[in-house]
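Read through the structure below, which is laid out as structure tokens, and then see the notes.
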Amino acid sequence: MREISGHTRTCGLIGNPVEHTLSPVLHNTLAEHMEQELCYVPLKVAEGALEAAVKGAYALNLLGTNVTVPYKSDVIPYLKDIDPLAEKIGAVNTLVRVDGGFKGYNTDMPGLYRAMCSDGVQIEGEKVLILGAGGVARAVAVLLADKGATEIILLNRTVEKAQKIADEVNAFVGKKLAFGMANEDYRKLPEGEKYLVIQATSVGMHPNDKDVVITDEAFYEKVHTGYDLIFNPSETRFMQLVKAAGGKAYNGAKMLLYQGVIAYEYWTGTNVSDELAQIAYEAMQAAGK
Ligand code: ATR
């Protein structure tokens, strides 16, 4: 157990619920190994109390916080400043203390990118399918466009939502790169084409481990790599179906790791080595079991 002293700086996770988070394990492991006097705690914020919480966190000299469900967009009006990528995505998951308040960043998407790089999954030049059209899918679409995907197709139960995100992404990049489709329309995708697929819905998350957006095995013949943003269970039904059809499959645990690592780097102004990230990853996995 690390010593808490008068010099210890506090960080934490603003959200509701926060009881199942693995972020304290991640950040406290990093702080311990880097010998930094930093302590990370859950900060459950009740409905209606977000503004008071952000002001209070500043008044109490917190170094920074993460922000999770349901406050990633709601927190934006209470920030002193916002990073351009977070503004484009419309969601903030990291607050960094600056003069007079907090600056908001989105480290989820850079975290996903670093995770994909670490897993050897390429975006540049790829044709990509995104399952879902919620806030997470929108952020993924922005990332993919930014990192040079050549085609982005959002498949969603409600096609209008997929189309709206596609239109926004196309407006950002100034060309027609993204398209929206209804889930069942994957049958219209060109014969023989294989895609990187990012599963960006909450379907299949514990305790609904058996659920999956598309059940048809024929869909998975079109997938060379499946990236599920869910990390619990560690192997989702989506991942099982991708593997059964001969594709590679990854879960969202490394994205969770790297969004935290990048937040930690912002707070402390340090670089976390790959070796230390791996140690933190193993600590999170042990705690998640
Ligand atoms: P977030 O902001 O975390 O991405 P969200 O906005 O609730 O969450 O989005 C969840 C996504 O999962 C949506 O794309 C949703 O589809 P709809 O836009 O049609 O609602 C999708 N989703 C949720 N439950 C689903 C289900 N049972 N089958 C198919 N898609 C589902």
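FYI, it's all coordinate maths here, none of it is from the lab. Note that the structure is predicted; figures quoted are calculated from it, not measured. Cβ sites come from the backbone with ideal geometry, for glycine too, and all protein chains shown count toward neighbours.
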* Using alpha carbons only, what's the Rg to Rh ratio of the stretch 158-219 with Rh from Kirkwood? -> 1.01
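What is the sum of charges, Lys and Arg at +1 and Asp and Glu at -1, for the other residues whose Cβ falls under 11 Å from the Cβ of Gly180? Please list the in-between numbers first.
Numbers: positive: Lys161, Lys164; negative: Glu160, Asp167, Glu168, Asp185.
Residues near Gly180 contribute -2 overall.
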* Taking other Cβ within 10 Å of each residue's Cβ, how do Val223, Val203, Val197, Val98 sort, fewest first? -> Val98, Val203, Val223, Val197
* To do: Take the Cβ-Cβ distance between Asn16 and Asp146 as r, set R0 to 41 Å, and report the resulting FRET efficiency rounded to the nearest 0.05.
  => 0.85
* Asked: How large is ³J(HN,Hα), in whole Hz, for each residue of the stretch 223-235 in order, when computed from phi with the Karplus curve 6.51 cos²θ - 1.76 cosθ + 1.60 and θ = phi - 60°, using x for Gly and Pro?
  -> 10, 8, 9, x, 10, 9, 7, 6, 10, 9, x, 6, 10
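What ranking do Ile123, Ile4, Ile14 get, fewest neighbouring Cβ atoms within 10 angstrom at the top? Write down the numbers at each step before the final one.
Numbers: Ile123 21, Ile4 10, Ile14 24.
Placing the least packed residue first, the sequence is Ile4, Ile123, Ile14.
Which semi-axes, in whole Å and largest first, does the equivalent ellipsoid of the chain have when worked out from the alpha carbon gyration tensor as the square roots of 5 times its eigenvalues? List each step's numbers first, then the result.
Values: eigenvalues 228, 89, 55 Å².
Ellipsoid semi-axes (Å, largest first): 34, 21, 17.
Give me the mean projected area, in nm² to one decimal, of the convex hull enclosing the Cα positions of the stretch 52-207. Please list the in-between numbers first.
Numbers: hull surface 44.4 nm².
About 11.1 nm², averaged over all directions.
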* To do: Answer rounded, prolate or oblate for the stretch 144-289, using the Cα gyration tensor with square roots of eigenvalues a ≥ b ≥ c: rounded when a/c is under 1.5, else prolate when a/b is larger than b/c, else oblate.
  => oblate
* Structure fact -> Calc'd 3J(HN,Hα), the stretch 198-209, phi into Karplus 6.51 cos²θ - 1.76 cosθ + 1.60 (θ = phi - 60°), Hz, glycine/Pro = x, comes to 10, 8, 10, 10, 8, 6, x, 6, 3, x, 9, 4
* Asked: Which angle between 0 and 90 degrees, to the nearest 10, do you get for helix 274-288 versus the longest principal axis of the chain when only C-alpha atoms count?
  -> 90
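Ratio of the stretch 8-131's C-alpha Rg to 2.2 N^0.38 Å, to two decimals? Don't jump to the answer; show the numbers that get you there.
Numbers: Rg = 15.6 Å, N = 124, 2.2 N^0.38 = 13.7 Å.
For the stretch 8-131, the normalised Cα radius of gyration comes out at 1.14.
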* Asked: Which whole-number percentage describes the relative contact order of the stretch 177-228, with Cα contacts under 8 Å and a sequence gap of 6 or more?
  -> 48
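Would you mind getting the Kirkwood hydrodynamic radius of the stretch 118-191 from its Cα pairs, rounded to one decimal in Å?
Numbers: mean 1/r = 0.0822 Å⁻¹.
Evaluated on the stretch 118-191, it is 12.2 Å.
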* Over the Cα atoms of the stretch 32-78, what is the Rg over Rh ratio if Rh follows Kirkwood? -> 1.02
* Estimate the FRET efficiency between Asp274 and Lys243 by the formula 1/(1 + (r/R0)^6), using the beta-carbon distance for r and 22 Å for R0, to the nearest 0.05. => 0.25
* To the nearest 500 deg cm²/dmol, what mean residue ellipticity at 222 nm is calculated for the chain from DSSP H runs of n ≥ 4 alone, each contributing -39,500 (n - 2.57), summed and divided by the residues? -> -11000 deg cm²/dmol
* Structure fact -> Eigenvalues of the alpha-carbon gyration tensor of the stretch 208-289, times 5 and square-rooted, give semi-axes in Å, largest first, of 30, 13, 10
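For the stretch 90-137, what is Rg from Cα atoms divided by 2.2 N^0.38 Å, rounded to two decimals? Walk me through the numbers before you get to the answer.
Numbers: Rg = 14.4 Å, N = 48, 2.2 N^0.38 = 9.6 Å.
So the stretch 90-137 has a normalised radius of gyration of 1.50.
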* Asked: In percent, what relative contact order does the stretch 39-143 have, based on Cα pairs under 8 Å that are 6 or more apart in sequence?
  -> 21
* What is the total of Lys pairs in the stretch 134-272 with C-alpha atoms under 16 Å apart, excluding same-chain pairs fewer than 8 positions apart? -> 11
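With charges set only on the Cβ (+1 for Lys and Arg, -1 for Asp and Glu), what does the dipole of the chain come to about its Cα centre, in debye to the nearest 20? Mind dumping the intermediate values first?
Values: 28 positive and 36 negative charges, 73 e Å.
The dipole magnitude comes to about 360 debye.
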* To do: Could you work out the relative contact order of the chain, using alpha carbon pairs under 8 angstrom and six or more residues apart, expressed as a whole percent?
  => 16
